[in-house]
1. Going by the structure shown, is T199 among the hydroxyl-bearing types (S, T, Y), surrounded by 19 or more Cβ atoms within 10 Å (Cβ to Cβ), more than 26 Å from R277 (Cβ to Cβ) and at pLDDT 90 or above?
2. Within region 89-115, take every residue that is crowded, with 16+ Cβ neighbours inside 10 Å and closer than 21 Å to R183 by Cβ and give me the one that is modelled with the highest pLDDT.
3. Tally the residues that are surrounded by 14 or more Cβ atoms within 10 Å (Cβ to Cβ) and either modelled with pLDDT under 75 or in a helix (DSSP H, G or I) (or both), restricting the search to region 116-126.
4. Go through V186, V180, V239 for me and flag whichever is assigned by TED's automatic domain parsing to the domain that holds F299 and under 10 Å from the mean Cα position of the chain (by Cα).
5. Could you please let me know if F283 is part of a helix (DSSP H, G or I), in contact (Cβ under 8 Å) with a residue 12 or more places away in the chain and more than 16 Å from G360 (Cα to Cα)?
6. Filter region 312-334 for residues that are outside any helix (DSSP H, G or I) and among the hydroxyl-bearing types (S, T, Y) and give the result.
Amino acid sequence: MPTINVQLAEYSELFMLIAAIIYTLAFILFSIDIARSSATIRRVEAELAQETEAERAALREKKLVAAGSADSTAGEPAGSDDASTVTAATGGVAGDTGDSDSTGGADSASGAELVDEDMAYVGTRRPIANVAIAFTVIAALAHAFAVIARGLAASRWPLGNMFEFLVGAALVVTLVYLVVLIRRDVRFLGVFVLGLVVTMMVGATIGFPTPVGHVQPALQSPWIAIHVTLAAMSIGLFVLTFAMSLLQLVQARREAALLAGAETRAQRVLARASFLRLVPSAFALENWSYRINAVAFVFWTLGPMITGAIWARESWGRYWGWDTKEVWTFVIWVVYAGYLHARATRGWTGNRAAWLSIIGFACIIFNYAVVNVYFPGLHSYAGLPE
């Protein structure tokens, strides 16, 4: 059995700590970005108002030039024709400044400029969130080095116990988030994703402190690289859909409050929530959550279900044994399968679909935080035995 590289293991622990600190700073910056969302919205609306006024002035100037060339009388009123021309040219955005504090008016005037329903970038400047993303990239690099160094120090795949699985899954969550950020504007998920990543890092350090070492014979198999990595990839995607589903529920209540006229105080507070105006609509969140859940479900099927059964046959001589971990892995598969089926064929849309997605993620948390720790079985790998 190869010896442990103690120096490389120390570097791994050091960079793991550095990554956790930078993740925490990124989480704080994302939180500040949310707190300053009202200022961001006011700035964007001011820019839109300036652009609209410039368009109005240009249209007036063109009309005056056309009127002069036609030898029109100087006192002829532009009147309603000018207003209708401006309104048609600006798509209804132009008009009287009105009550800038009116939530419904602000939503209808500038909502399309604040966030895209397809989560594409629309040019909204959010410097604090962008700095938080830069911090997240740096932390992910340090985190990746720490995980790789831990594997090299032990000469094995670095996902052999709960400590390593938590920090490895946290890295996958971060990488999935950063990859999605390349094509889609999911900065609104930053505080949720980084909050969970920090929680996983702290939970691994406090709850499952495990030094670098060798693993049980059952884990000394090439299947661990496929089985556990696919599980971590699926969980990384399920984290995103969990955050989207939570935001979908809140955004749906806000949209309902706006349609109902925000009759109660709670509805008025929710309707004026500035941060939610930087979040896509509940319908868009649901559609993207469904797409990502479909991909994550494939990874879960290939990883914990199929490769897990093959590995069990190789290690214990059977594909299925009703071990507690196996049962809960199947429960998770059934919940997400039910979600996808109900969403696609039974018309389970809106809040019902969001709750099914949240229940599925709650089963994942129970599987790894409770079953792995409190239910003894063949999958009891919370810590190293040697």
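1. no
2. V115
3. Matching residues across region 116-126 total 2.
4. Exactly one residue qualifies, and that residue is V239.
5. Values: part of a helix (DSSP H, G or I): yes; in contact (Cβ under 8 Å) with a residue 12 or more places away in the chain: yes; more than 16 Å from G360 (Cα to Cα): yes.
The answer is yes for F283.
6. The one that is outside any helix (DSSP H, G or I) and among the hydroxyl-bearing types (S, T, Y): Y319.
The values are calculated or read from the model by the stated rules, or taken from the named source; none is laboratory data. Model, not experiment: these values are computed from the prediction. Because the Cβ atoms are built from the backbone with ideal geometry, glycine has one as well, and the counts that use them run over all protein chains shown.
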